[in-house]
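This report concerns only the one structure given below.
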Amino acid sequence: MTPEEYSKFMEGKKVVLVGPASYMDYMGDNWGENVDSFDVVVKVNANPMGGSFGSRTDVLYFGCGSVDELVKQSKEKNPDLKLVRVWDHWQSINHCDLNISSFRGEVCSRIKSRPNTGFITILHLLSLPIETLLVTGMDFHRSGYAKDYLMKNHETLKSVKEYFEDDPNGHRPDEQYQYFKNIKDERLCVDHKLKEIMEDESLDNFWETL
């Protein structure tokens, strides 16, 4: 799939990006039904399914080596799943429908650090001619991960921080969070949980205090 074909596929669509924040454990099945009502359901990396995450994934953005087998399994279960790879270091998954490593490079230049997959996904989706984007299940590491988000080294916030900081140019969630809060795009919406977080200024530099 070329970038132009992907853009055409997304054109005019109501899109939901479903992240793995821990508050998704409490959103309930009704929220999952809401997720399923969107034209395009987008998830990242480990691709949680069921309950508040909904029963569908149409597009999966992936970017870290620890999700290798999980991405393969997602594609095997759903051959129609579109895979979007966010950087070129990937060795064991040869197939993807779209490679946006050049876009990722642009994002790296903007924030002067290594962006998380979810952050890149938001910016990439907003670069497309979509109608709306709802972001749910994301809090930029203001909390941990949902219990069914199965990734290595992500059991606790402390382990996540240690994993990120192994790389001197690694992820800086607070900076990405501030960037996100300053996005001015009328197509962008957030769920009520993320809205509450964004209104709490005490969480602005949460990652620094861990």
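Summary table below
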item	result
Long-range amide H partners of Met138 with built H, under 5 Å	Gly19, Ala21
Label-reachable residues, the range 39-60, where backbone N falls under 18 Å from a point 7 Å from Asn30's Cα toward its Cβ	51-55
Cα-Cα over 31 Å, subset of Lys147/Lys181; Lys77/Lys195; Lys8/Lys77	Lys77/Lys195
Residue-normalised accessible area of the range 16-88, expressed per residue, 1.4 Å probe, Å²	39
Relative packing of 123-131, 50-58, which averages over residues the other C-beta atoms within 10 Å, highest first	50-58, 123-131
Note, ³J(HN,Hα) from phi for the range 177-186, Karplus 6.51, -1.76, 1.60, rounded to Hz, x at Gly and Pro	4, 5, 4, 4, 4, 9, 5, 10, 8, 5
Sum of side-chain charges, Lys112 neighbourhood, beta-carbon under 10 Å (Lys, Arg +1; Asp, Glu -1)	+2
Carbon + sulfur, % of accessible area of the range 1-103 - ligands and nucleic acids excluded, 1.4 Å	48
Residues whose placed amide H lies under 5 Å from that of Val190, excluding near-sequence neighbours	Val135
Whole-Hz ³J(HN,Hα) from phi, Karplus 6.51 cos²θ - 1.76 cosθ + 1.60, for the range 72-81, glycine and proline x	4, 5, 4, 5, 5, 6, 9, x, 7, 4
Förster radius 22 Å - calculated FRET efficiency between Ser102 and Asp68, Cβ distance, rounded to 0.05	0.50
Residue order for His192, His141 - accessible surface, 1.4 angstrom probe, largest first	His192, His141
Cα convex hull of the range 1-104, projected area averaged across orientations, nm²	6.7
Only Lys, Arg (+1) and Asp, Glu (-1) charged, at Cβ; the range 1-148 dipole about Cα centre in debye	460
Chain lengthening between Asp148 and Lys77 when straightened (0.36 nm per residue, less Cα-Cα)	23.8 nm
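The values are calculated or read from the model by the stated rules, or taken from the named source; none is laboratory data. Treat the numbers as computed from the prediction; the structure is a model and nothing was measured. Note that each Cβ is placed from the backbone with ideal geometry, even for glycine, and that neighbours are counted across all protein chains shown. Heads up: the accessible areas ignore ligands, DNA and RNA and are worked out on the full protein's heavy atoms, side chains in. Shrake-Rupley method; radii C 1.70, N 1.55, O 1.52, S 1.80 Å.
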